[in-house]
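The values are calculated or read from the model by the stated rules, or taken from the named source; none is laboratory data. Keep in mind that what you see is a predicted model, and the values were worked out from it rather than measured. Please note: Cβ atoms are built from the backbone with ideal geometry, for glycine as well, and neighbour counts cover all protein chains shown.
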Amino acid sequence: MNWRRFVRGVLIAAAVVLLGLIQAGFFDRLKIADCKPELVLCFVVVLSCRLNFLQAGIVGFASGLYMDVVYGRYVGIYAFLYLTACWIGSLLIGKAFEKNRFLGLAVLPPLFLAYEMAESLMIRFIAIYTAGGGDLYNYGYGQHFITRILPGAAYNLGVAVVFYLIMLLFLRIRRPGPEITYRGERGAVIDNAQ
């Protein structure tokens, strides 16, 4: 058993639970334009930038399922949405992250806008299905986009940028020093840092 992976998984799970509790308790009072940030989503999407496709999918699905079971009305919606957002984050940012660490800041805005649009549409479809029919949007999609989707995407994007910058700072602090290897002769030192 790889203890490092196990500890990392436990730390990620603990962070998801803690952020979910903070989101449900504290950020209910900090609504802006009737929107509150989804801290767990922001955390796992930023985390998926450093994970491979499979790991990002597992983290996204598990954290979305946690949000569904604990806070959601319908089980499966957030598991699917978080899974998809983490996969997209991993695919778009993952491999290019080592070459350009600030690439994620360019990918996050359209990712969160697409997430908010997909979440709104899925919730509306389910609400109409369970109610037995009705209008998808009471006052038109344009008005809904301006009053609900854009503020939600902007709030989540702001939180995700803060998480992303914290991740970059953490990676900069814990960057290991140059690796030094010694060849057969005494005193011959080769620096493998490059």
Tabulated pairs, segment 62-86, first in contact (Cβ under 8 Å) with a residue 60 or more places away in the chain, second assigned to a loop (DSSP other than H, G, I, E, B) and surrounded by fewer than 16 Cβ atoms within 10 Å (Cβ to Cβ), C-beta under 8 angstrom, 6+ apart or interchain: none
Candidate set: segment 1-49, residues that are aromatic (Phe, Trp, Tyr) and closer than 20 Å to Gly152 by Cβ; chosen: the one modelled with the highest pLDDT: Phe43
Residues being within 16 Å of the chain's Cα centre (by Cα) and either not hydrophobic (A, V, I, L, M, F, W, C) or not in a helix (DSSP H, G or I) (or both) - total across segment 1-25: 3
Every residue from segment 26-47 that is of a type in the set (Phe, Trp, Tyr) and within 15 Å of the chain's Cα centre (by Cα): Phe43
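Tell me, which residue of segment 136-167 that is of a type in the set (Val, Ile, Thr) and within 18 Å of the chain's Cα centre (by Cα) is surrounded by the fewest Cβ atoms within 10 Å (Cβ to Cβ)? Before you say what the answer is, go through the steps one by one.
Step one: filter segment 136-167 for residues of a type in the set (Val, Ile, Thr), giving 146-147, 149, 159, 161-162, 166.
Of the ones still in play, those that are also within 18 Å of the chain's Cα centre (by Cα) are 149, 159, 161-162, 166.
Working: Ile149: 19, Val159: 22, Val161: 17, Val162: 13, Ile166: 11.
Checked segment 136-167; the qualifying residue surrounded by the fewest Cβ atoms within 10 Å (Cβ to Cβ) is Ile166.
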Any pair with Cβ under 8 angstrom, 6 or more apart, that starts in segment 44-56 at a residue that is in contact (Cβ under 8 Å) with a residue 60 or more places away in the chain and ends at one that is among the aromatic types (Phe, Trp, Tyr) and outside any helix (DSSP H, G or I): Cys49/Phe97; Arg50/Phe97
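State whether the residues of segment 88-103 include one that is over 19 Å from Ala33 (Cβ atoms), of a type in the set (A, V, I, L, M), free of Cβ contacts under 8 Å to residues at least 12 places away in the same chain and outside any helix (DSSP H, G or I). Step through it out loud before you land on a result.
Going through segment 88-103, the residues over 19 Å from Ala33 (Cβ atoms) turn out to be 88-103.
Next, only the ones that are of a type in the set (A, V, I, L, M) stay: 88, 91-93, 96, 103.
Pick out the ones that are also free of Cβ contacts under 8 Å to residues at least 12 places away in the same chain and you get 96, 103.
Pick out the ones that are also outside any helix (DSSP H, G or I) and you get 96.
Checked segment 88-103: at least one residue is over 19 Å from Ala33 (Cβ atoms), of a type in the set (A, V, I, L, M), free of Cβ contacts under 8 Å to residues at least 12 places away in the same chain and outside any helix (DSSP H, G or I).
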Members of segment 45-87 found to be crowded, with 19+ Cβ neighbours inside 10 Å and in a loop (DSSP other than H, G, I, E, B), listed by number: Cys49, Leu51
Where a residue in segment 18-38 is touching a residue at least 12 places away in the same chain (Cβ under 8 Å) and its partner, wherever it lies, is in a helix (DSSP H, G or I) and polar (S, T, N, Q), with Cβ under 6 Å and at least six apart: Pro37/Asn156; Glu38/Asn156
